[in-house]
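The values are calculated or read from the model by the stated rules, or taken from the named source; none is laboratory data. If you're wondering where the values come from, they're calculated on a predicted model, not measured in any experiment. Every residue, glycine among them, receives a Cβ derived from its backbone with ideal geometry; neighbour counts consider all protein chains shown. Ligands, DNA and RNA are excluded from the accessible area calculation, which covers all protein heavy atoms including side chains. Shrake-Rupley method; radii C 1.70, N 1.55, O 1.52, S 1.80 Å.
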Amino acid sequence: MSQFTIKDDEVDIVIGALQPDLTSFMEQWRPFFSRFHLIIVQDPDLKGELKIPEGFNLNLYTKSDIDKVVGSSSNAISFSGYSCRYFGYLMSRNKYIISIDDDCIPAKNSNGEPIDAISQHIINLTTPATPFFFNTLYDPFCEGADFVRGYPFSLRSGVECGLSCGLWLNLADYDAPTQSLKPDLKNSRYVDAVLTVPARTMLPVSGINISFNNELVGPALLPAFRLAKEGKVRWETVEDIWTGMCVKVVCDHLRLGVKSGLPYVWRQERGNAVESLKKEWEGVKLMEDVVPFFQSVRLSESAVTAEDCVVEIASSVKEHLGPLNPTFDRAAETMVEWIKLWKRVRAN
Amino acid sequence: MAAAAPPLKDELDIVIPTIRNLDFLEMWRPFFQPYHLIIVQDGDPSKTIKVPDGFDYELYNRDDINKILGPRSSCISFKDSACRCFGYMVSKKKYIFTIDDDCFVANDPSGKQINALEQHIKNLLCPSTPLFFNTLYDPFREGADFVRGYPFSLREGVPTAVSHGLWLNIPDYDAPTQLVKPRERNSRYVDAVLTIPKGTLFPMCGMNLAFDRDLIGPAMYFGLMGDGQPIGRYDDMWAGWCIKVICDHLGLGVKTGLPYIWHSKASNPFVNLKKEYKGIFWQEEIIPFFQSATLSKDSTTVQKCYLELSKQVEEKLGKVDPYFVKLADAMETWIQAWDELNPTKAN
């Protein structure tokens with residue numbers, strides 16, 4: 001299989017800064033980040049100036065930049081907390097975007113060497129996905145593997161990959177109840193595989209370590225679903241879960257792939273699961289309602305771009321989920337606003 | 001320190017098809033000896049296949065199969081490892097583990113020998129999660145759990161009907177791939193078990209497979225292959241497509257991943273190509289058929305599902321080749337034979 005090489009300037013690494021000092025984070029990633037252009041977006045709620053080490057090719061966006069661009073629609077769309085990274089996506093003009101939470105550092109392989117998560121994401125995005133039939137040897141395009149006996153030949157060219165979901169060692173992305181019940185549960189299992197999540201199968205997309213093809217699905221990576229008491233630790237948000245389901249529906253409809261597995265990052269301790277658990281658990285109940293909706297939503301044939309798809313999903317959300325809770329209504333409105341903003345920014 | 005009793009010792013049969021010999025059992029002895037074996041001897045029934053001492057077993061050759069099933073024996077393949085499904089039918093146990101006679105004990109990355117049977121049992125005894133994908137794979141494995149965003153209402157899972165294991169060394173490639181990559185070996189140990197999502201088909205390999213006979217047994221028919229048939233090396237594939245449609249319909253789970261075994265023998269790719277040739281083309285019609293197959297609400301047992309499926313096979317695939325009419329018929333015969341040999345489970 002020929003290796004597909006991309007130009008470094010086709011990649012943007014987008015980092016949402018929720019902590020004021022990014023020095024340690026960026027130094028640890030320097031060997032893997034330094035080739036690429038970075039977009040750093042400071043959480044608009046984070047006061048003061050960010051500490052960023054020298055030697056990176058980067059653009060920094062702060063609250064004032066967000067206010068300038070988003071302007072009058074700032075009523076609908078909030079870029080606070082983890083959602084600040086979406087502003088980075090909005091500003092990016094590059095084809096591939098990779099995003100990692102600022103409390104993650106490179107994981108180490110069995111030889112103790114740091115793992116280049118960026119390269120792995122790029123490989124995932126630039127090799128085909130296989131959503132229509134499951135390959136039992138996982139990614140057939142990786143070195144040393146192939147399609148197994150019984151895999152239909154007509155499906156072996158695969159489809160383009162829209163989204164690549166990486167994983168986490170140490171502090172895994174568990175929810176607060178799970179982590180509270182099992183405070184010592186750390187993920188130490190390194191599963192050496194990338195696989196395509198089959199078409200029409202939903203999954204929880206964690207925003208901690210992801211990448212996507214901005215040209216194909218960019219508009220679907222959207223800040224829309226905010227809990228009333230959304231916080232600054234992942235245990236207190238579900239915005240990425242909502243967005244992930246939107247992206248999966250879009251990919252399934254547009255016949256694009258979603259991959260999950262490698263690369264791993266090392267996620268550091270932050271926050272307290274029990275403390276997060278004490279806060280209102282509105283999010284959990286809401287997500288239960290959401291799952292059957294996303295599993296069954298179907299888009300029209302005329303939706304041929306990610307923008308079209310998002311608008312249709314928003315309309316469907318308003319119709320079917322809106323009556324259940326005002327949060328869904330707001331989410332639907334925000335999705336529509338986001339597409340308008342996306343188009344406006346692209347037009348300039 | 002007293003060793004724990006082998007799990008499911010009296011509830012599981014190991015079914016092994018063979019035409020050569022059973023020398024491979026020596027390596028498996030520490031893991032298999034506590035269990036009952038069902039040997040299905042393919043090929044010349046006058047040949048004696050020696051079973052290594054110390055194993056508790058029953059052995060069936062072609063004469064036995066013909067005697068036991070009478071005219072219904074026509075549904076059991078000859079000169080093809082598909083004949084193994086006869087072993088599933090005569091077993092009286094709840095669980096089956098089947099393995100090929102060229103599969104040996106593999107080592108995990110730490111160098112420790114892998115007890116494949118023990119892992120299959122673990123897989124079968126804990127739930128599957130086909131309705132929503134867990135990004136950390138099997139949430140019931142030690143050291144893992146459901147991730148954030150996984151719906152709480154789906155965390156109980158469903159019963160596991162099938163555990164599909166993998167192979168290190170010689171991978172299960174088809175003939176064209178074998179011809180292009182004769183030296184490729186699978187050396188990647190992927191430390192995961194995962195549920196194949198509902199609505200997704202997969203190529204099920206019979207080399208290293210376990211299942212719950214009570215939950216899915218009647219659907220594990222390995223089709224008409226080998227002598228007198230236009231196709232070979234699609235027995236397990238056919239069963240895999242059937243069981244997946246039925247498991248999806250009945251709300252049962254299918255897992256794949258660990259355990260690994262060491263597959264030692266690469267079969268001749270030219271011989272394989274001749275056997276697979278028609279299958280490679282027919283597959284292109286068969287897959288869309290299974291992908292769109294739906295079963296009626298009234299099909300509430302495996303047998304009912306399987307018979308409904310067999311009618312659809314005749315109706316829709318019969319147009320592709322008359323072989324499928326014969327196969328649909330054989331599927332019906334299989335169910336009749338199964339019900340006769342397993343009367344208490346019949347509806």
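When A:139, A:184, A:173 are checked against the criterion of being under 20 Å from residue A:248 (Cα atoms) and modelled with pLDDT under 95, a single residue qualifies: A:173. Can you find a residue in the stretch B:167-175 that is open to solvent by less than 10 Å² (accessible area, probe 1.4 Å), part of a helix (DSSP H, G or I) and more than 7 Å from chain A (Cβ to nearest Cβ)? Looking for residues that are open to solvent by less than 10 Å² (accessible area, probe 1.4 Å), part of a helix (DSSP H, G or I) and more than 7 Å from chain A (Cβ to nearest Cβ), one finds at least one in the stretch B:167-175, hence yes. Annotation note: of B:148, B:155, the sole residue that is basic (Lys, Arg), in contact (Cβ under 8 Å) with a residue 12 or more places away in the chain and either open to solvent by less than 10 Å² (accessible area, probe 1.4 Å) or within 27 Å of residue A:205 (Cα to Cα) (or both) is B:155.
Each residue in the stretch B:48-61 was checked for being open to solvent by 90 Å² or more (accessible area, probe 1.4 Å) and among the hydroxyl-bearing types (Ser, Thr, Tyr), and 2 pass. Before we move on, is residue B:239 within 19 Å of residue B:175 (Cβ to Cβ), in contact (Cβ under 8 Å) with a residue 24 or more places away in the chain and within 14 Å of chain A (Cβ to nearest Cβ)? Taking the combined requirement at face value, the residue does not satisfy it. Considering each of A:184, A:103 in turn, give the residue that is under 22 Å from the mean Cα position of the chain (by Cα) and either more than 8 Å from chain B (Cβ to nearest Cβ) or open to solvent by less than 20 Å² (accessible area, probe 1.4 Å) (or both). Result of the check over A:184, A:103: A:103. Check the stretch B:5-23 and report whether any residue there is buried (at least 19 other Cβ atoms within 10 Å of the Cβ), in contact (Cβ under 8 Å) with a residue 12 or more places away in the chain and more than 19 Å from the chain's Cα centre (by Cα). Looking for residues that are buried (at least 19 other Cβ atoms within 10 Å of the Cβ), in contact (Cβ under 8 Å) with a residue 12 or more places away in the chain and more than 19 Å from the chain's Cα centre (by Cα), one finds at least one in the stretch B:5-23, hence yes. Residue A:78 - would you say it is closer than 14 Å to residue A:41 by Cβ and open to solvent by 30 Å² or more (accessible area, probe 1.4 Å)? Spelling it out, residue A:78 is indeed closer than 14 Å to residue A:41 by Cβ and open to solvent by 30 Å² or more (accessible area, probe 1.4 Å).
Only one of the numbered conditions (1) within 22 Å of residue A:197 (Cα to Cα); (2) within 11 Å of chain A (Cβ to nearest Cβ); (3) open to solvent by 10 Å² or more (accessible area, probe 1.4 Å) is not met by residue B:194, and that is (3).
Has the stretch B:208-231 got at least one residue that is within 11 Å of chain A (Cβ to nearest Cβ) and over 14 Å from residue B:162 (Cβ atoms)? Within the stretch B:208-231, none of the residues are within 11 Å of chain A (Cβ to nearest Cβ) and over 14 Å from residue B:162 (Cβ atoms).
Listed here are the residues, each with its yes/no results for (1) in contact with an Asp or Glu (Cβ under 9 Å, 6 or more places away or on another chain); (2) more than 19 Å from residue B:206 (Cβ to Cβ); (3) of a type outside the set (A, V, I, L, M); (4) surrounded by fewer than 20 Cβ atoms within 10 Å (Cβ to Cβ).
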{"position": "B:32", "(1), (2), (3), (4)": "no, no, yes, no"}
{"position": "B:46", "(1), (2), (3), (4)": "yes, yes, yes, yes"}
{"position": "B:63", "(1), (2), (3), (4)": "no, yes, yes, yes"}
{"position": "B:68", "(1), (2), (3), (4)": "no, yes, no, yes"}
{"position": "B:84", "(1), (2), (3), (4)": "yes, no, yes, no"}
{"position": "B:92", "(1), (2), (3), (4)": "yes, yes, yes, yes"}
{"position": "B:110", "(1), (2), (3), (4)": "no, yes, yes, yes"}
{"position": "B:118", "(1), (2), (3), (4)": "no, yes, yes, yes"}
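Right, residue B:330: open to solvent by less than 60 Å² (accessible area, probe 1.4 Å), in contact (Cβ under 8 Å) with a residue 60 or more places away in the chain and closer than 24 Å to residue B:214 by Cα or not? In short, yes. Within the stretch B:113-137, residues that are on the phi > 0 side of the Ramachandran plot have Cβ atoms under 8 Å from residues that are of a type outside the set (A, V, I, L, M, F, W, C) in these pairs: B:137/B:257, counting only partners at least 6 apart in sequence or on another chain. Note on the stretch B:246-276: residues that are farther than 20 Å from residue B:181 by Cβ, under 15 Å from the mean Cα position of the chain (by Cα) and either within 14 Å of another protein chain (Cβ to nearest Cβ) or at pLDDT below 95 (or both) total 9. Among the conditions (1) within 9 Å of chain B (Cβ to nearest Cβ); (2) farther than 15 Å from residue A:257 by Cα; (3) polar (S, T, N, Q); (4) open to solvent by less than 10 Å² (accessible area, probe 1.4 Å), the only one that residue A:209 does not satisfy is (1). What's the total number of residues in the stretch A:238-289 that are touching a helix residue (DSSP H, G or I) at 6+ places or on another chain (Cβ under 7 Å), open to solvent by 20 Å² or more (accessible area, probe 1.4 Å) and part of a helix (DSSP H, G or I)? Residues flagged as touching a helix residue (DSSP H, G or I) at 6+ places or on another chain (Cβ under 7 Å), open to solvent by 20 Å² or more (accessible area, probe 1.4 Å) and part of a helix (DSSP H, G or I) within the stretch A:238-289 amount to 6. Within the set A:290, A:284, A:310, A:297, the sole residue that is within 14 Å of chain B (Cβ to nearest Cβ), within 22 Å of the chain's Cα centre (by Cα) and closer than 19 Å to residue A:247 by Cα turns out to be A:290. For the stretch B:133-143, a residue qualifies if it is facing another protein chain (nearest Cβ under 7 Å) and either charged (D, E, K, R) or buried (at least 19 other Cβ atoms within 10 Å of the Cβ) (or both), and the qualifying residues are B:133, B:135, B:136, B:137. Within the stretch A:106-145, the set of residues being on the phi > 0 side of the Ramachandran plot, surrounded by fewer than 20 Cβ atoms within 10 Å (Cβ to Cβ) and within 11 Å of chain B (Cβ to nearest Cβ) comprises A:144 only. Residues of the stretch A:159-177 being out of contact with any strand residue (DSSP E or B) (no Cβ under 6 Å at 6 or more places or on another chain) and closer than 25 Å to residue A:99 by Cα, which ones? Matches in the stretch A:159-177: A:160, A:173, A:174, A:175, A:176.
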